[in-house]
1. How much length is gained if the chain between residue 82 and residue 15 is pulled fully straight, taking 0.36 nm per residue apart and subtracting their Cα-Cα distance, in nm to one decimal?
2. To test your reading of the geometry: what angle, between 0 and 90 degrees and rounded to tens, separates the Cα axis of helix 81-91 from the longest principal axis of the chain?
3. Helix 2-13 versus the longest principal axis of the chain: what angle, 0 to 90°, nearest 10, using Cα atoms?
4. Give or take rounding to whole Å, what are the principal axis extents of the alpha carbon atoms in the range 16-153, in descending order?
5. Kindly rank 43-49, 150-156, 83-89 from highest to lowest mean number of other beta carbons found within 10 Å of each residue.
6. Between residue 128 and residue 65, what is 0.36 nm times their sequence separation minus the Cα-Cα distance? Round to one decimal in nm.
7. Calculated from DSSP H runs of 4 or more alone, at -39500 (n - 2.57) each and per residue, what is the 222 nm mean residue ellipticity of the chain, nearest 500?
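What follows draws every value from the coordinates through simple rules; no lab data is involved. Predicted model only: the values in this text are computed from it and were never measured. In this analysis, Cβ positions are derived from the backbone assuming ideal geometry, glycine residues included, and neighbour counts consider all displayed protein chains.
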């Protein structure tokens, strides 16, 4: 009886572990890679980490050297789920999220992510959230949308914050 009770408590307290990779920019505009777009892209992972932590997920760091060895170039891990899964598994994560900011126009961009189960390389979700413009608040709303989608495929415990009141 004590064994079953401790097993149940262990399962309740076990956090789902997710490894997040830096989002890559795929900029198809006539002026690709401008500093503000690179900065926005670099800010996506920290925003997503914050939202996933708020939902109770454990964020697992990925060793930079291991990432560089696994990554065959821009877009490689986004297109090779098996390699991404192995990277996440070696880091100790249950899942790994590989993301991209796809920018086909100056007017809008797509925040994209693949959630991959590390034990078998199965893709659990392909997520896309459109954002218009490059304002930080709009990017955060896209991150919140992706977080809802990830949580719907996992533990269903995330509630995005209410919209800010306009003064």
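1. That pair, residue 82 and residue 15, stretches by 21.8 nm at full extension.
2. Compared with the principal axis, the helix lies near 60 degrees.
3. The angle comes out near 10 degrees.
4. Largest to smallest, the principal-axis extents are 39, 32, 21 Å.
5. So the order, starting with the most tightly packed, is 83-89, 43-49, 150-156.
6. 19.8 nm
7. Roughly -13500 deg cm²/dmol at 222 nm, from the helical runs in the chain.
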